[in-house]
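Before any comments, here is the structure.
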Amino acid sequence: MQGRSAGEIAMMFAASENYVREVIHAFNGQGFAALDPKWSGGRPAKFGLAARQLI
């Protein structure tokens, strides 16, 4: 969104200005890799790989 302020971008994407600034900062540091975060959800697995293979 070249030439637009963080506030303008936030309004376009229904996000907060702080979040837009975080994304811009991450993009400036990491490039396009910052746009695909490696989030993982849920709680940690109860059983390790060995137990899962045994089951």
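The values are calculated or read from the model by the stated rules, or taken from the named source; none is laboratory data. Being a predicted model, the structure only gives us computed values, none of them experimental. All Cβ positions, even for glycine, are placed from backbone atoms using ideal geometry, and neighbour counts span all protein chains on display. We work out accessible area using only protein heavy atoms, side chains counted, and drop any ligands, DNA or RNA first. Shrake-Rupley method; radii C 1.70, N 1.55, O 1.52, S 1.80 Å.
Within segment 16-26, work out how many residues are aliphatic (A, V, I, L, M) and open to solvent by 100 Å² or more (accessible area, probe 1.4 Å).
Residues of segment 16-26 that are aliphatic (A, V, I, L, M), as a first pass: 20, 23-24, 26.
When the remaining residues are screened for being open to solvent by 100 Å² or more (accessible area, probe 1.4 Å), the result is none.
Matching residues across segment 16-26 total 0.
From Gly29, Gly41, Gly48, grab the single residue that is open to solvent by less than 100 Å² (accessible area, probe 1.4 Å), among the small types (Gly, Ala, Ser) and at pLDDT 90 or above.
Within the list Gly29, Gly41, Gly48, the selection yields Gly29.
Do we have Ile55 as of a type in the set (Val, Ile, Thr) and surrounded by 12 or more Cβ atoms within 10 Å (Cβ to Cβ) here?
No; evaluated as a whole, the condition is false for this residue.
Could you list, ordered by first residue, the pairs with Cβ atoms under 6 Å in which the first is in segment 24-35 and under 19 Å from Glu8 (Cα atoms) and the second is open to solvent by less than 100 Å² (accessible area, probe 1.4 Å), at least 6 apart or interchain?
These pairs meet every condition: Ala26/Ala34; Phe27/Ala34.
In segment 3-15, is there at least one residue being in a loop (DSSP other than H, G, I, E, B) and either touching a Gly at 6+ places or on another chain (Cβ under 8 Å) or surrounded by 12 or more Cβ atoms within 10 Å (Cβ to Cβ) (or both)? Give the derivation first.
We begin by selecting, within segment 3-15, every residue in a loop (DSSP other than H, G, I, E, B); these are 3-5, 14-15.
Imposing the further condition that a residue be either touching a Gly at 6+ places or on another chain (Cβ under 8 Å) or surrounded by 12 or more Cβ atoms within 10 Å (Cβ to Cβ) (or both) reduces the set to 4, 15.
Yes, segment 3-15 has at least one match.
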